[in-house]
1. Please turn the phi angles of region 35-44 into ³J(HN,Hα) values with the Karplus equation 6.51 cos²θ - 1.76 cosθ + 1.60 (θ = phi - 60°), one per residue in order, whole Hz, x for glycine and proline.
2. Using a basic spin-label model with each label point 7 Å from the Cα along Cα→Cβ, how many nm lie between A21 and H34?
3. Ordered by residue, what ³J(HN,Hα) values in Hz, to whole numbers, does region 18-30 give under the Karplus form 6.51 cos²θ - 1.76 cosθ + 1.60, where θ = phi - 60° and Gly and Pro are x?
Amino acid sequence: MRTNAEIEDPALNQRAAEIAARYGLPSGAGSDAHDPGGIGTAYLEMPDFDGPREFLAKLATAQITGEHRPHAVRYARRQV
């Protein structure tokens, strides 16, 4: 399993990966987009599947793919 979570504390990412591996949990990914540029920056690459059972079976082999992008400025700064 490969994890690419981008949070402030990389040790938490490592710990999450260890717990998931211990319990045989598959990886997941999401963009958590806060702006249009963030959509699709994280996703799973996995074999084609047909139906829910195949999806779950092939999810175990999925690879997390993506990139870290900083959040967009939410509000324009006022000129003083």
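Coordinate-derived values only; no laboratory data. None of these values were measured; they are calculated from a predicted model. Cβ placement follows ideal geometry from the backbone for every residue including glycine, while neighbour counts extend to all protein chains displayed.
1. With the stated coefficients, region 35-44 comes to 7, x, x, x, 5, x, 7, 9, 7, 9 Hz.
2. The modelled label-to-label distance comes out at 3.1 nm.
3. 5, 5, 4, 5, 4, 9, x, 8, x, 6, x, 8, x
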